[in-house]
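Heads up: the structure comes next, in structure tokens.
The values are calculated or read from the model by the stated rules, or taken from the named source; none is laboratory data. From a predicted model like this one, the values you see are computed outputs, not experimental measurements. Reconstructed Cβ throughout: ideal geometry from the backbone, glycine too, with neighbour counts over all protein chains shown. Just so you know, the surface numbers come from the protein's heavy atoms only, side chains and all, with ligands and any DNA or RNA stripped out. Shrake-Rupley method; radii C 1.70, N 1.55, O 1.52, S 1.80 Å.
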Amino acid sequence: AKKAKKSKKLLKKPVRQSKVPRAQVHPWRPCPLGKHWVRAHPKHKVSNRGKPYIQNVGGFCRTNPSHKDHLYADDIHEIADRHFSRLKGPPAASNLGFGSLGNKYDAMIRGWTRYWNEVLKPKDPLDPDVVKALIASESSFIVDKWNGLRGMKSARGLTQVLNGTIPLLRDSKELSNHLINLDEDDMLNPNLNICAGVRWLFRKKQLFEATTKKPASWRDAVAKYKGVSPDEKRLMPRFDRYLRMLKGKK
């Protein structure tokens, strides 16, 4: 009888299950799918006696309001800080005639091109030289460049992301997944701007293919990004010239 009671107790004991790691969008991401990173920061609090004080909060992962993949500013900075300095390869180390500015953002260009290639997995991977030539032709590597327009057509920063584009980058109806949650002021930060610009370039390639019903080149995507035809006689030659220079061609 005693043995029977003991065996019943053993049966009631819960079985420990092995923890299954949550899906991760990319190995560089500090948080699993469904969460985003919040960097360490000071938090203002009030004690029970009513005295204000500052508590240092360590970095942590916060659950997203949706089940989509979202990149926030803290995610973007954390990825760049942790991983970009050790990467090698293109874009070419050519200043394109812009002095020290010409190579200043190469690590960010390299890192975000690789990140989005690995997340979005295009059949024809994006070349970092294309991104560098795009930045050269859009902003001349001037981090606070402004196109002089107002409202939704206003564009600022290295990749000249339009104000009207910023809400689309976090709209799941525009981008089915891999969204970017930034605001207009964030476009003045080179790291945030390049991340957003490269993501939007992928979307423009997708839109060009949907319109023409045929595969598009990255040059076609750049033309779509600029809002012109690939045969445009004023803006595209500038991009083409910089790309040729990066490839060592005359």
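Checking VAL57 against (1) on the phi > 0 side of the Ramachandran plot; (2) of a type outside the set (Ser, Thr, Tyr); (3) at pLDDT below 95: exactly one of these is not met. Which one?
(1)
Does region 66-99 hold any residues that are part of a helix (DSSP H, G or I), surrounded by fewer than 18 Cβ atoms within 10 Å (Cβ to Cβ) and either modelled with pLDDT under 95 or not small (Gly, Ala, Ser) (or both), and which are they?
HIS77, ASP81, ARG82, HIS83, ARG86
When region 214-236 is examined, which residues are found to be modelled with pLDDT of 95 or more and either charged (D, E, K, R) or open to solvent by 40 Å² or more (accessible area, probe 1.4 Å) (or both)?
SER217, ARG219, ASP220, LYS224, LYS226
Within the bounds of region 229-247, is there any residue that is part of a helix (DSSP H, G or I) and closer than 17 Å to ASP124 by Cβ? Before you say what the answer is, go through the steps one by one.
Within region 229-247, the first condition is being part of a helix (DSSP H, G or I), and the residues that meet it are 236-246.
Filter once more, keeping what is closer than 17 Å to ASP124 by Cβ: 243.
Yes: one or more hits.
Over 18 Å from HIS70 (Cβ atoms) and either under 18 Å from the mean Cα position of the chain (by Cα) or crowded, with 18+ Cβ neighbours inside 10 Å (or both): which single residue out of VAL161, VAL130, VAL119 fits that description?
Going through VAL161, VAL130, VAL119 in turn, just one is over 18 Å from HIS70 (Cβ atoms) and either under 18 Å from the mean Cα position of the chain (by Cα) or crowded, with 18+ Cβ neighbours inside 10 Å (or both): VAL130.
Restricting attention to region 132-186, which residues are under 23 Å from ASN103 (Cβ atoms) and of a type in the set (D, E, K, R)?
The answer is LYS132, GLU138, ASP144, LYS145, ARG156.
Which residue, of LEU192, LEU175, is within 18 Å of the chain's Cα centre (by Cα) and at pLDDT below 95? Before you say what the answer is, go through the steps one by one.
On the way: LEU192 fails: at pLDDT below 95.
Being within 18 Å of the chain's Cα centre (by Cα) and at pLDDT below 95 holds for just one of LEU192, LEU175, which is LEU175.
Identify the single condition in (1) among the polar types (S, T, N, Q); (2) at pLDDT 95 or above; (3) surrounded by fewer than 21 Cβ atoms within 10 Å (Cβ to Cβ) that ASN147 does not satisfy, given that it satisfies every other one.
Going through the list (1) among the polar types (S, T, N, Q); (2) at pLDDT 95 or above; (3) surrounded by fewer than 21 Cβ atoms within 10 Å (Cβ to Cβ), ASN147 breaks only (2).
Take the residues in region 133-144 that are among the β-branched types (Val, Ile, Thr) and open to solvent by 10 Å² or more (accessible area, probe 1.4 Å); name whichever of them is farthest from ASN191 (Cα to Cα).
Restricting to residues being among the β-branched types (Val, Ile, Thr) and open to solvent by 10 Å² or more (accessible area, probe 1.4 Å), the top hit is ILE142.
I want to confirm something. Restricting to region 16-41 and keeping residues that are at pLDDT 65 or above and open to solvent by 80 Å² or more (accessible area, probe 1.4 Å), which single residue is farthest from HIS178 (Cα to Cα)?
Here the residue is PRO27.
Say whether the condition of being open to solvent by 40 Å² or more (accessible area, probe 1.4 Å) and of a type outside the set (A, V, I, L, M, F, W, C) is met by at least one residue in region 191-198.
no
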